[in-house]
1. Express in % the proportion of alpha carbon pairs of the stretch 154-199 at distances exceeding 13 Å.
2. Write down the accessible area per residue of the chain in Å², having rolled a 1.4 Å probe over the full set of protein chains.
3. Straight-line reach only, C-alpha to C-alpha below 15 angstrom: list the aspartates and glutamates that K35 could link to, leaving out same-chain residues fewer than 8 apart.
4. Please give the FRET efficiency for R2 paired with L128, using the beta carbon to beta carbon distance and R0 = 45 Å, rounded to the nearest 0.05.
5. Tell me whether the stretch 1-59 comes out rounded, prolate or oblate; compute the Cα gyration tensor, take square roots of the eigenvalues as a ≥ b ≥ c, and use a/c under 1.5 as the rounded threshold.
6. I'd like the carbon and sulfur percentage of the solvent accessible area for the chain, probe radius 1.4 Å, heavy atoms only, ligands and nucleic acids excluded.
7. Against the empirical 2.2 N^0.38 Å scaling, what ratio does the C-alpha Rg of the chain come to?
8. Could you rank the peptides 161-169, 130-138, 68-76 by their average count of other C-beta atoms within 10 Å per residue, with the highest value first?
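The values are calculated or read from the model by the stated rules, or taken from the named source; none is laboratory data. Just so it is clear, the structure is predicted and the values come from calculations on it, not from any experiment. Cβ placement follows ideal geometry from the backbone for every residue including glycine, while neighbour counts extend to all protein chains displayed. For the accessible areas, the whole protein counts, side chains as well, though only heavy atoms, and no ligand, DNA or RNA atoms are used. Shrake-Rupley method; radii C 1.70, N 1.55, O 1.52, S 1.80 Å.
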Amino acid sequence: IRLAFLRLFLNPPNLLLLDEPTTHLDLEGCQTLEKALTAYDGTICLVSHDVEFVRAVATSIIEISHDGIRRFPGGYDYYREKTAATTTTVTANTRVVTPNADAITDNLTSKDMRRLRAQERAKRAPLLRALRRRVERAETKIAELEQEQQQLTTTLSTAAPDTNFAEISRRLRNVQHELHRNALEWEEAATALEQAEQE
């Protein structure tokens, strides 16, 4: 991947289409890529689950959802600010837009409001518990995989003559793939949990 980016930037085209460009890059590689893309003069269209990378690079966001396609002429934080205005209900796998509740609650007493809020909290409690479990499971798995990755890297760097490099390299690639998959799972669950808690 580093070689592919090097070849691109040695003779840069005026348009780059990048699908998950930070996959399999270490932290230093991601930072170098961010700097190169920030200095790049052409147009970049990229898809990424790496929020910090998108925040550092993107100057415009395109949202594709069931409601259609919307363009936000600003960075990731601008996009989050604009979409936060819409009240949403987050479920385990779906996101349903709900109308603003102000008009409905104008005529309720404070006691009724407290009761409604308590009922709403009770309804959301199982979802919040499920999302917290997903986040914890992903964090535990990531920690295990990072430890295994460190051990494999150490084994390769201090290898004995009879070390099976092919086997260790194959496992290291698998671990890196699993790390990426679990990082995406963690990010999705953590984002859903944050939105559910804010509501």
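1. Numbers: 689 of 1035 pairs.
In whole percent, the long-distance tail amounts to 67.
2. Numbers: 14150 Å² over 199 residues.
Accessible area per residue, the chain: 71 Å².
3. Answer for K35, where 15 Å is the Cα cut-off: D26, E52, listed by chain and number.
4. On the way: r = 41 Å, r/R0 = 0.91.
Rounded to the nearest 0.05, the efficiency is 0.65.
5. Details: a/c = 1.57, a/b = 1.17, b/c = 1.34.
Oblate, since a/c reaches 1.5 and b/c is not below a/b.
6. Numbers: 7550 of 14150 Å².
Ligands and nucleic acids excluded, carbon and sulfur reach 53 percent.
7. Numbers: Rg = 22.2 Å, N = 199, 2.2 N^0.38 = 16.4 Å.
In units of the 2.2 N^0.38 Å rule of thumb, it is 1.35.
8. Values: 161-169: 9.7, 130-138: 16.7, 68-76: 12.4.
Listed from highest to lowest mean packing, they are 130-138, 68-76, 161-169.
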